[in-house]
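Right, one structure below, let's go through it.
The values are calculated or read from the model by the stated rules, or taken from the named source; none is laboratory data. As the structure is a prediction and not an experimental result, all values here were calculated from the model. So basically every Cβ, Gly included, is an ideal-geometry build from the backbone, and we count neighbours across all protein chains shown. Quick note on the areas: whole protein, heavy atoms, side chains included, nothing else; ligands and nucleic acids left out. Shrake-Rupley method; radii C 1.70, N 1.55, O 1.52, S 1.80 Å.
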Amino acid sequence: MKKRVSMVMAAAMAASLAASVATPAMAEGENLTVFNSKMEIQTQFEEVASTYSESAGVAMEVYYSNDTVAAHMGSRYAADDPYVMSMVDAKDVYSLGPEHAIDLSDQEWVANTPYAISVDDKVLGFPVCVEARGVIYNADAIEAITGEEFVPADYATLDAFKGLLDTLVEGGMAAPVGILKEDWSIGAHFLAQVYEQQEDPEAFVQSLYEGSADLINNEKFNALMDTFDVLMEYNYAKDSAIAAEREVTSQKLAEGEIAFMFGGNWDWSVINQYDYSENMGIMPVPQNLDDGANTKLTGGGSKYFYIDSAESITDEQRQAAKDFLNWMVSDEAGQSFLVDSCALVPAFTNISLEVADPLGASVKEYADAGNLIPNYDYLPDDHYSICGASFQKYLAGQIDREGFAGELEAYWSSTTPVEH
């Protein structure tokens, strides 16, 4: 199916590009080098680069690195070998953009997205997609036991959610929950909600830096940890939580052996490898709160392109990069590359293509309704690895909640604030 879609995509893009005014060919020796930091779409990006290069008269090359974005970009700049265009995280746009990115304020796509990143009134970051986090559910598996339509909004509180878990257990689903133990999942995605759900995330993070925050008595920290405790209680791998493999957990969710797993729409790239149920989606994290945080997903623009201002890059190369960005937003083939081939949720209001996968469709529904809690984009680079390791100790039962809060506070008060 993927090969067939790729062939159709290639044909569509070739036809579309051939019908448009071709980008002037670059001088020999020049090329459009692109850094892609989103592993799930590297193959698709390589395919489109080949087709786009031939049709638009550019030599487009796409690169990927297993290093962190900050480390990889740092090494490229140290070697005075920048990419023409780089896909980075939001915080990297803020840290690298003022020195290395050109102003894209005059580009047509700017008017079609609420997610572009601006610094000092200059648009520096092009949003690649929208991503969001919550609890992924398998509605078919739930309804097979309850005999009733699964309505996520009915389980916004932790009390209601726990009642449903009990019903599933009584109905024969031994353990309805799976937990991804990876540090990027519990450290970068679940834990980050503690900051993002605060009334003033910036002020709260500053209090963590200053050492004045009191996590163990913080309402949002405790609400989320109460939920995590319930997820652990019903976890299929409860007795060996740190040994659970992402692929196994995803397969159990896809095939309905379990009903819930915290994650994001990016998890579809793993789930769709299995015999997945038809009716799946993402719901807000259930919490016993009354401020509405338990009715929204957390997310927003995810991954951003910026075009480099380095003297070693020619104006022709920068124009080729601008043309490619505009192609993805305005050309039917470019839009199809984002939505159909890469299975991304578009960040642009003029793209009306239906998001095919159910997790992406859920995210788009919440985003279109304005029900996304914004990402906090200024976490230190080592946050998810260090705090994720502490979270893994909690998951393994090696520390209690007070000990976990203490390790988090110790991390924040000893790390360097991220400039923004």
message = Among the residues of the stretch 242-261, are any closer than 25 Å to residue 162 by Cα, of a type in the set (D, E, K, R), open to solvent by 10 Å² or more (accessible area, probe 1.4 Å) and modelled with pLDDT under 95?
response = no
All-but-one check, residue 213 against (1) open to solvent by less than 30 Å² (accessible area, probe 1.4 Å); (2) of a type in the set (Gly, Ala, Ser); (3) in contact (Cβ under 8 Å) with a residue 24 or more places away in the chain; (4) in a helix (DSSP H, G or I), failing number (4)
Log entry, pairs with first residue in the stretch 96-111 being of a type in the set (A, V, I, L, M, F, W, C), second being in a loop (DSSP other than H, G, I, E, B), beta carbons closer than 7 Å, six or more apart or on different chains, reads 101/309; 102/309; 109/348; 110/104; 110/116
Over the stretch 111-133, the set of residues open to solvent by 30 Å² or more (accessible area, probe 1.4 Å), more than 17 Å from residue 329 (Cα to Cα) and within 21 Å of the chain's Cα centre (by Cα) is 118
Within the stretch 89-143, the residues that are touching a helix residue (DSSP H, G or I) at 6+ places or on another chain (Cβ under 8 Å), of a type in the set (Asp, Glu) and on the phi < 0 side of the Ramachandran plot are 89, 92, 108, 131
Note on the stretch 51-68: residues without any contact (Cβ under 8 Å) to a residue 24 or more places away in the chain and either touching a helix residue (DSSP H, G or I) at 6+ places or on another chain (Cβ under 8 Å) or closer than 17 Å to residue 305 by Cβ (or both) are 67
Note: among 108, 40, just one is open to solvent by 50 Å² or more (accessible area, probe 1.4 Å), closer than 30 Å to residue 261 by Cβ and of a type outside the set (Val, Ile, Thr), namely 40
Result of the Cβ filter at 7 Å on the stretch 409-420, keeping first residues that are within 17 Å of residue 202 (Cβ to Cβ) and partners that are open to solvent by 60 Å² or more (accessible area, probe 1.4 Å), at least 6 apart or interchain, is 419/95
Log entry, pairs with first residue in the stretch 159-183 being open to solvent by 60 Å² or more (accessible area, probe 1.4 Å), second being aromatic (Phe, Trp, Tyr), beta carbons closer than 6 Å, six or more apart or on different chains, reads none
Sole miss for residue 302 among (1) open to solvent by 10 Å² or more (accessible area, probe 1.4 Å); (2) in contact with a Ser or Thr (Cβ under 9 Å, 6 or more places away or on another chain); (3) among the small types (Gly, Ala, Ser); (4) closer than 30 Å to residue 81 by Cα is condition (2)
Picking from 48, 58, the residue that is surrounded by 16 or more Cβ atoms within 10 Å (Cβ to Cβ) and assigned to a helix (DSSP H, G or I) would be 48
Result of the Cβ filter at 9 Å on the stretch 266-285, keeping first residues that are modelled with pLDDT of 90 or more and partners that are open to solvent by 50 Å² or more (accessible area, probe 1.4 Å) and small (Gly, Ala, Ser), at least 6 apart or interchain, is 283/153; 284/153
The residue from 67, 89 that alone is under 26 Å from residue 339 (Cβ atoms) and open to solvent by 20 Å² or more (accessible area, probe 1.4 Å) is 89
Filter the stretch 377-420 for residues that are surrounded by 19 or more Cβ atoms within 10 Å (Cβ to Cβ), hydroxyl-bearing (Ser, Thr, Tyr) and modelled with pLDDT of 95 or more; the one that is farthest from the chain's Cα centre (by Cα) is 394
